[in-house]
Number of protein chains: 4
Amino acid sequence: MKVGFIGLGHMGEPMARNLLEAGHEVTVFNRTRRKAEALAEAGARIAERPADACRGDALITMLTGDEALEAVGWGEGNILGALPKGGLHIGMSTISVALSDRLADAHGERGQLYLAAPVLGRPEAAAAAKLFILAAGPADGMSRAEPLFKALGQQVFTWGDKPSAANLVKLSANFLIAAMIECLGEAMALVRKGGIDPRRYVEMLTTTLFAAPVYKTYGAIIADEKFTPAGFNMAMGFKDVRLALAAAEASRVPMPAASVVRDHFIAGLAQGQGELDWAALSRIIASNAGL
Amino acid sequence: MKVGFIGLGHMGEPMARNLLEAGHEVTVFNRTRRKAEALAEAGARIAERPADACRGDALITMLTGDEALEAVGWGEGNILGALPKGGLHIGMSTISVALSDRLADAHGERGQLYLAAPVLGRPEAAAAAKLFILAAGPADGMSRAEPLFKALGQQVFTWGDKPSAANLVKLSANFLIAAMIECLGEAMALVRKGGIDPRRYVEMLTTTLFAAPVYKTYGAIIADEKFTPAGFNMAMGFKDVRLALAAAEASRVPMPAASVVRDHFIAGLAQGQGELDWAALSRIIASNAGL
Amino acid sequence: MKVGFIGLGHMGEPMARNLLEAGHEVTVFNRTRRKAEALAEAGARIAERPADACRGDALITMLTGDEALEAVGWGEGNILGALPKGGLHIGMSTISVALSDRLADAHGERGQLYLAAPVLGRPEAAAAAKLFILAAGPADGMSRAEPLFKALGQQVFTWGDKPSAANLVKLSANFLIAAMIECLGEAMALVRKGGIDPRRYVEMLTTTLFAAPVYKTYGAIIADEKFTPAGFNMAMGFKDVRLALAAAEASRVPMPAASVVRDHFIAGLAQGQGELDWAALSRIIASNAGL
Amino acid sequence: MKVGFIGLGHMGEPMARNLLEAGHEVTVFNRTRRKAEALAEAGARIAERPADACRGDALITMLTGDEALEAVGWGEGNILGALPKGGLHIGMSTISVALSDRLADAHGERGQLYLAAPVLGRPEAAAAAKLFILAAGPADGMSRAEPLFKALGQQVFTWGDKPSAANLVKLSANFLIAAMIECLGEAMALVRKGGIDPRRYVEMLTTTLFAAPVYKTYGAIIADEKFTPAGFNMAMGFKDVRLALAAAEASRVPMPAASVVRDHFIAGLAQGQGELDWAALSRIIASNAGL
């Protein structure tokens, strides 16, 4: 397929590369051109404006958040104006439910198709084409997107024809990870004060009740207090929990544990820890406990 | 070995049976004698008072909580008075850190050995001898207890020579389960309001990020809102989260997510839901969201 | 003075009337014209568009919130375009810190003066010209506004030359009222469960430690559970606590008690109680306690 | 009247002195005798054991908490054994609802009368006989206590014939003060980050909405960050909020704002601030905000 790809960050770059390797013709756009040039060596064409990436069978956006996607959607050389009638936009960024709803409306008014398809997985999973894809939107678009999803991930979970449902699921999943970090951080502050070795504690938990990858990954980071380099940092974690809370507010769902997590993220940012791995939530907790 | 066993509830009964099957000579005591009689058919001797279970190589207690263990420890026909010097008490109940410390002192003063060895696992795991045993106490006692642990569980995690450390770890683990229920309940209230099918949501979570047994078990209960029969009920869950918070208070660890869980348990009890499965925390959350 | 006045709601109407009574020439604009006509009988001129209220010595806006003020500020016939260079805009609405900052910038770019001057006080205080005015902005504008403030309130508290500081103070004050309702609600749920008469309890509190008008007003509403008619409703209270939290987020201040209040407002809205007096926060609390 | 008085701390000492000045015959007991001797100079008799203070028309206890009162109630030379049938015990300490209930039972079994009569007011109010007395218990005892109350306070609020109701009201009042400190602390962290002068802010609040003595007192302490000497310290504040939460737990009342306060007290204690004035809750808040 001929596909446009906008956003060559930690996630987008390996994803675009996988599309190329799967034999698709990829036209890439990135705000800082240098990253696009690296992909050109692997066979990608370079678009000079977002609009120039809109001429294939589909356009994928993989940006850092609402602001970046709004710029591409409504700014100079924007995709809403450039996509042809019947054109397909697959939005894979983690964005707000509200923006996803606005995009669905805007594309709909122009006779364009819009899928939301955010992903679960870190850059390594992106590179290995092992992402989990959470997709929602019109069935028509979904079947057209299938070959692309195949090149990018290991499994697609679909959530009906309202695109923002996929964004909601994605945000709720990131909330669950942050909440898991919070709770693990509290439990580990408690046992550390009781003289328990935190590594041994994590080992016990992850070989018994909580034998899930996220517990292993974050348990180890918390036990070792190794918050750099950040896989996903406090500022990003805060952004996603805020978006989950914004969606919850709009649909009237009190989420007090999410409020606790939010307050701890704010404390972390207030104390200059925005660049640390979001597992550093546990550092706020430990420091409140005098550790 | 000759072993006394006090407390034949949902957990204690299958545990005592496993000891018999492993060839140990077991003398059982239970407040309501009928349960002891059932085990007598399987070869157990019946003790008329706690003290009468104290004459073997070790005594195991598996009771419902602090109050029951205090009665056995200091009440009529008590074990502290009956255990010989050098006698070994293995306390496997889920009790407070404070009571475990008091028991350690009391046994120590009498020249007796005391291990705390609470377990992770539900009655089915107890029956299958698949419990995880969290044990702490004097090394001497630990090696004497080994053959018994072998008959009861699949793995022993040790936590040093201060018995209450094992209780602390156990309470922290139960807090983590309750907190997981809370967080999952919040996430699921959020996505349900967005029209997402909760079963499908749980399936996605537990095949991706959260592929741990507890997420599967409780995710299913929450999705189906099937809170009876209770595997572990709200009143019990509340008790354990209280004990975790009491330990945290004593060692000065603020645990705000635990406070959220505590408040939701209290709301559940206030509304007469003490007998529901503790996954009914999610019902409180859903009802606050108008679901 | 010649003054424009936009927004003739529960607060704006009596305020505009007081300006007329103090001898000022007032040109009023209101989205629904009928309210403007009532004031015309008292001597006001009617503006057909916001822009038509911009020709005097000053313009006062007293609208329901960000959205309404944005419409007047940047919408059809807007005030930013119509105010002359050197013109003075006194924004008395309760709005976000962020919008106040945007207005300050926009007016500044056009060489116009902007004061933020939100008020403390309910409609009766507005009618009696007993408002407390929280004002911030350029000293120049402040002295020009003085005669108008005199006609509207009993006292002016100034907060420096950055207008949004006044909005921040106003939002913090509304947070304090909401938080007071929350805490009083919790205390009263507790004593009611202990068989204490809530009216008597409020009487005791307000003749001893908490002899402040807000405690009397809201204590009585909570004791009598008389949540209609609403002086200030749940939806409005929620809006202001959200704005306080948004300001706190932007300046990195964790406010966990505010988060509790926010969650209870959301629960109230989820349960269809948006039109009740915001003292109905106490109803959420009571209902969680099974009362 | 002939009255025994046990507990000559910051509150008890001036109270006993007021009784003497009002012409009552007072027999005092204090654990450290030196304080009793000081009162002997003012005319008091000294009791060598609690029991020796039980022979008059009434016995007043004014101790630091549950533990101290339990020692006097059930310990060596205890008052339960020494009070004659029909004897009157007026418990003015701030203690738990549970202990008050136990005392009521214990006195009842012995045919003795028991009133709970905790007070609102700091040592200066005690010295000036300006305390507010919260009293509950049998009407008979209440009328006998009247002359004593008259000598100690400015007003008596009665709460029925169940003594612990008065303790509940007292604990709820202390919770309300702590919660007020929390909320004020959050609001002041917010406005300080916005460049607002905290003293001016407190002045505004306490001349408008919150013109109550507690707001003035604690607002000034928070603005000046002057947490020593402590009028009432963090450790004491924590104790009382814990007792309020224990009563709330027992009667099934979720109090999430109280949980926030509790967590902040624990953080303060963890960081070695137990001796600071309880207004130092605001320091925890400020430090979480990076102030």
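At a glance:
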{"read-out": "Filter result for residue C:230 (under 22 Å from residue D:244 (Cα atoms), within 20 Å of the chain's Cα centre (by Cα) and among the hydrophobic types (A, V, I, L, M, F, W, C))", "value": "no"}
{"read-out": "Where residue B:153 falls short, out of the listed (1) of a type outside the set (D, E, K, R); (2) more than 8 Å from chain A (Cβ to nearest Cβ); (3) touching a Ser or Thr at 6+ places or on another chain (Cβ under 7 Å)", "value": "(3)"}
{"read-out": "Lone unmet requirement of (1) in contact with an Asp or Glu (Cβ under 9 Å, 6 or more places away or on another chain); (2) aliphatic (A, V, I, L, M); (3) within 14 Å of chain D (Cβ to nearest Cβ) for residue A:189", "value": "(1)"}
{"read-out": "Number of the exception - residue A:132 against (1) more than 10 Å from chain B (Cβ to nearest Cβ); (2) within 15 Å of the chain's Cα centre (by Cα); (3) of a type outside the set (Gly, Ala, Ser)", "value": "(1)"}
{"read-out": "Filtered residue count, the stretch A:142-153, keeping only those that are over 16 Å from the mean Cα position of the chain (by Cα) and either surrounded by fewer than 24 Cβ atoms within 10 Å (Cβ to Cβ) or of a type in the set (Ser, Thr, Tyr) (or both)", "value": "7"}
{"read-out": "Given (1) within 14 Å of chain C (Cβ to nearest Cβ); (2) touching a strand residue (DSSP E or B) at 6+ places or on another chain (Cβ under 8 Å); (3) of a type in the set (Val, Ile, Thr), index of the condition residue A:261 fails", "value": "(2)"}
{"read-out": "Residue under evaluation residue D:172, criteria (1) within 16 Å of the chain's Cα centre (by Cα); (2) more than 10 Å from chain C (Cβ to nearest Cβ); (3) among the small types (Gly, Ala, Ser), criterion not met", "value": "(2)"}
{"read-out": "Sole residue being surrounded by fewer than 22 Cβ atoms within 10 Å (Cβ to Cβ), at pLDDT 95 or above and touching a Ser or Thr at 6+ places or on another chain (Cβ under 6 Å), chosen from A:193, A:162", "value": "A:193"}
{"read-out": "Filter result for residue D:184 (over 27 Å from the mean Cα position of the chain (by Cα) and within 21 Å of residue D:258 (Cα to Cα))", "value": "no"}
{"read-out": "Residue satisfying all of: in the stretch D:264-291; more than 14 Å from chain A (Cβ to nearest Cβ) and in contact with a strand residue (DSSP E or B) (Cβ under 9 Å, 6 or more places away or on another chain); nearest to residue A:264 (Cα to Cα) among these", "value": "D:280"}
{"read-out": "Whichever residue in the stretch D:147-168 is in contact with a helix residue (DSSP H, G or I) (Cβ under 6 Å, 6 or more places away or on another chain) and assigned to a loop (DSSP other than H, G, I, E, B) and, among such residues, is farthest from residue D:129 (Cα to Cα)", "value": "D:163"}
{"read-out": "Subset of the stretch D:197-252 (residues that are of a type in the set (Val, Ile, Thr), over 30 Å from residue B:249 (Cα atoms) and within 11 Å of another protein chain (Cβ to nearest Cβ))", "value": "D:206, D:207, D:208"}
{"read-out": "Odd one out for residue A:165 among (1) hydrophobic (A, V, I, L, M, F, W, C); (2) at the interface with another protein chain (Cβ under 7 Å from one of its Cβ atoms); (3) out of contact with any Phe, Trp or Tyr (no Cβ under 9 Å at 6 or more places or on another chain)", "value": "(3)"}
{"read-out": "Test: residue in the stretch B:102-112 that is among the charged types (D, E, K, R) and within 14 Å of another protein chain (Cβ to nearest Cβ)", "value": "no"}
{"read-out": "For residue D:186: the one exception among (1) of a type in the set (Asp, Glu); (2) within 30 Å of residue C:217 (Cβ to Cβ); (3) surrounded by fewer than 24 Cβ atoms within 10 Å (Cβ to Cβ)", "value": "(3)"}
{"read-out": "Residue in the stretch C:237-252 that is modelled with pLDDT of 95 or more, of a type in the set (S, T, N, Q) and under 30 Å from residue D:137 (Cβ atoms) present", "value": "no"}
{"read-out": "Residue check, residue C:140 in contact with a helix residue (DSSP H, G or I) (Cβ under 6 Å, 6 or more places away or on another chain), at negative phi and of a type in the set (D, E, K, R)", "value": "no"}
{"read-out": "Residues satisfying the stated conditions in the stretch A:4-18, i.e. in a helix (DSSP H, G or I) and either among the polar types (S, T, N, Q) or surrounded by fewer than 24 Cβ atoms within 10 Å (Cβ to Cβ) (or both)", "value": "A:13, A:14, A:17, A:18"}
{"read-out": "Long-range neighbours under 7 Å by Cβ, at least six apart or interchain, first residue within 19 Å of residue A:164 (Cα to Cα) within the stretch A:117-140, second among the acidic types (Asp, Glu)", "value": "A:136/A:161; A:137/A:161; A:138/A:161; A:139/A:161"}
{"read-out": "Verdict on residue D:191 being more than 19 Å from residue D:257 (Cα to Cα), touching a Gly at 6+ places or on another chain (Cβ under 9 Å), assigned to a helix (DSSP H, G or I) and of a type outside the set (D, E, K, R)", "value": "no"}
{"read-out": "Qualifying residue in the stretch C:221-244 (condition: closer than 20 Å to residue C:119 by Cα, free of Cβ contacts under 8 Å to residues at least 40 places away in the same chain and not in a helix (DSSP H, G or I))", "value": "no"}
{"read-out": "Any hit, the stretch D:198-210, residues being crowded, with 24+ Cβ neighbours inside 10 Å and in a loop (DSSP other than H, G, I, E, B)", "value": "yes"}
{"read-out": "Subset of the stretch D:114-129 [part of a loop (DSSP other than H, G, I, E, B) and touching a Pro at 6+ places or on another chain (Cβ under 9 Å)]", "value": "D:117, D:128, D:129"}
{"read-out": "Odd one out for residue B:255 among (1) under 22 Å from residue A:219 (Cα atoms); (2) within 14 Å of chain C (Cβ to nearest Cβ); (3) surrounded by fewer than 24 Cβ atoms within 10 Å (Cβ to Cβ)", "value": "(3)"}
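The values are calculated or read from the model by the stated rules, or taken from the named source; none is laboratory data. Source: prediction; values computed, not measured. In this analysis, Cβ positions are derived from the backbone assuming ideal geometry, glycine residues included, and neighbour counts consider all displayed protein chains.
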